[in-house]
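These notes concern the structure reproduced below.
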Amino acid sequence: MRIVFTHNWNNKLSNDIFTTIRKYESGKYSYYSDKIGQPFDVVLKGKKVGEAKLVGLWKGMLLDIPLPFLFTDTGYSDLSEAYSLFRRFKVNPTDQVLVLAFEKKE
């Protein structure tokens, strides 16, 4: 299994625990909910950069994500900049998202 990133926002892939926020799709939710506790290859720009275990999953609206968490995930400390980033991925503040939490494997 793989989790793919096109950009290392806030250099989060260097952290022992990191998150990714993805647009909600029911199939994705089912897929990831069945994979909690499982290892994933972490892929950045087509290259494997490590392995991490999926340790948590949350579903809700983007605007319900607490601001410090959103800022840490994106690297933007301004709410409008953070939301602008998600709009580039066709995600609006009132859209449902998935937050995946991963723990790096040694």
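The values are calculated or read from the model by the stated rules, or taken from the named source; none is laboratory data. Predicted, not measured: the structure shown is a model, and the values here were computed from it. Glycine also receives a Cβ, built like all others from the backbone with ideal geometry; neighbour counts cover every protein chain displayed.
Tabulated data
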read-out	value
Subset tally (residues that are exposed (fewer than 13 other Cβ atoms within 10 Å of the Cβ) and either polar (S, T, N, Q) or part of a strand (DSSP E or B) (or both)) for the range 41-54	2
Extreme residue, surrounded by the fewest Cβ atoms within 10 Å (Cβ to Cβ), among residues of the range 16-26 that are over 10 Å from the mean Cα position of the chain (by Cα) and under 19 Å from residue 63 (Cβ atoms)	25
Verdict on residue 86 being surrounded by 15 or more Cβ atoms within 10 Å (Cβ to Cβ), free of Cβ contacts under 8 Å to residues at least 12 places away in the same chain and in contact with a helix residue (DSSP H, G or I) (Cβ under 7 Å, 6 or more places away or on another chain)	no
The range 16-29, subset at pLDDT 95 or above and either among the polar types (S, T, N, Q) or part of a strand (DSSP E or B) (or both), residue farthest from residue 97 (Cα to Cα)	17
Only one of 70, 44, 100 that is among the hydrophobic types (A, V, I, L, M, F, W, C), over 16 Å from residue 2 (Cβ atoms) and either within 15 Å of the chain's Cα centre (by Cα) or at pLDDT 95 or above (or both)	70
Residue list for the range 1-15, restricted to those being in a strand (DSSP E or B) and exposed (fewer than 11 other Cβ atoms within 10 Å of the Cβ)	2
Count of the range 73-97 residues which are under 21 Å from residue 3 (Cβ atoms) and part of a helix (DSSP H, G or I)	6
Pair list, Cβ under 9 Å, 6 or more apart: the range 1-29 residue farther than 14 Å from residue 49 by Cα, other residue hydroxyl-bearing (Ser, Thr, Tyr) and in a loop (DSSP other than H, G, I, E, B)	9/76; 10/76
Matching entry among 104, 53 (being in contact with a helix residue (DSSP H, G or I) (Cβ under 9 Å, 6 or more places away or on another chain) and among the basic types (Lys, Arg))	104
From the options 58, 9, residue that is at pLDDT below 95 and not basic (Lys, Arg)	9
Positions within the range 55-71 being of a type in the set (D, E, K, R) and either over 20 Å from residue 28 (Cβ atoms) or in a helix (DSSP H, G or I) (or both), in sequence order	64
